[in-house]
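Comments concern the structure below.
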Amino acid sequence: MHPLRSLILAAAGNDAIRRLVATAPVSRDVVRRFVAGEQTSDAIDVTRELVASGRSVTLDHLGEDVADAEHADQNVRAYLELLDALHAEGLAPKAEVSVKLSALGQKLGERLALANASRVCAAAEQCGTTVTLDMEDHTTTDSTLRVLAELRRSWPSTGAVLQSYLRRTFDDCKSLAGSRVRLVKGAYAEPDSVAFDGHEVDLSYVRCVNALLTGDGYPMFATHDPRLVRIVAERARWYDRKPGTYEYQMLFGVRQEEQRRLAREGETVRVYVPYGSQWYGYLMRRLAERPANTTFFARALVSH
Ligand code: FAD
């Protein structure tokens, strides 16, 4: 792994650095580049604009690694408020939600996370939309896939995320190829024993693209990598997949022109929109992915 990436990912879990950055006069513009805002109404405003431009949305209420049940319950309630607002605004068919189980109490126990995720899935169904479970570091993969399997018994459209950097993922793709699966490279610092590095991650991504496109599920290819976007388009043609039987996903604030281009070409493009006050861990992972983002962030820190 690149030393700068390791350093930033280490900072993402460091409390002293978290406090320093959180209290620094960070320009609203920096956070706003990647995060819709702090309130539900901010998330709704951004969703409305994206939907009007022909894109779909998945919304993430920021927050991870909660340490008590009360905090997990607050996160559930934030999702319920969001789903009500999406429904009231008529946005639910184009906007789903992404949920991190660690924000719903996974570290306190799988049963609590399942119970909380079930509340979110039930509300999503009532509002005419669905849920995708984000994937976190590799120590949570088995637990997250177990919770997913339980949720799918009642809500079969619940989506999974698989990370091509994990050596196990090709097998997971084959088992989940009949359902909704978001394929990503993976954003956490992982040991070599479980994860590929560098170009191997891309090769694994392509193997998984093949497995998902030849399955009878709904693959969601989440990447900004121009080479992988080209390969997905080429493989979709090979396997005679029509637009709308799979989709592209990108993060809010990243490669917007490419998002618009794909949408103009008739592809389904879903933008992952995070919102809420707990933006630190999310922002640090985005910075670790791209040194240019780090320069942008550092410049804003010193100029305000
Ligand atoms: P990278 O390897 O980061 O970049 C490859 C190339 O893409 C770059 O060389 C550049 O040409 C281009 N590029 C990348 N970023 C930019 C940019 N900012 N501007 C211009 N060009 C750029 N990870 C998880 O671990 N769990 C999840 O649940 C999860 N959910 C995600 C959901 C969505 C919708 C997306 C898009 C990502 C998600 N991720 C998740 C993050 C993911 O794992 C990667 O860390 C992230 O997408 C970066 O990888 P990449 O495929 O975009 O390519």
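Just so it is clear, none of the values below were taken in a lab; they were calculated from the coordinates. Quick caveat, the model's predicted, so the values are computed rather than measured. When we count neighbours, we look across all protein chains shown, and the Cβ atoms used for this are built from the backbone with ideal geometry, even at glycine.
Figures for the structure shown
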| item | result |
| --- | --- |
| Kirkwood Rh, Cα atoms: Rg over Rh of segment 200-255 | 0.95 |
| Charged-residue dipole, Cβ positions (Lys, Arg, Asp, Glu), the chain about Cα centre, Debye nearest 20 | 740 debye |
| Globularity ratio of segment 146-194, using Cα Rg and 2.2 N^0.38 Å | 1.23 |
| Sequence of 238, 155 once ranked by neighbouring C-beta atoms within 10 Å, starting from the fewest | 238, 155 |
| Lysine pairs with alpha-carbon atoms under 21 Å apart, segment 36-278, spacing 8 or more or separate chains | 4 |
| Kyte-Doolittle at least -0.5, axis length at least 20 Å by Cα - qualifying DSSP helices, the chain | 69-88, 110-126, 141-154, 199-213 |
| Packing-based exposure ordering (other Cβ within 10 Å, fewest first) of 71, 199, 138 | 199, 71, 138 |
| P(r) weight above 18 Å for segment 154-223, C-alpha pairs, percent | 31 percent |
| Fraction of beta bridges assigned by DSSP in the chain that are antiparallel (%, nearest 5) | 5 percent |
| Sorted by Cβ density within 10 Å, fewest first, the residues 171, 225 | 171, 225 |
| Relative intensity, log₁₀ I(q)/I(0), of segment 111-243 from a Debye sum that treats every alpha carbon as a point, q = 0.13, 0.20, 0.22 Å⁻¹ | -0.56, -1.17, -1.32 |
| Kirkwood-based Rg to Rh ratio, segment 235-283, C-alpha trace | 1.11 |
| Computed over segment 36-278, Cα set: Rg, Dmax in Å | 17.0, 50 |
| Whole-Å distance, taken between Cα centres, linking segment 28-51 and segment 118-180 | 25 Å |
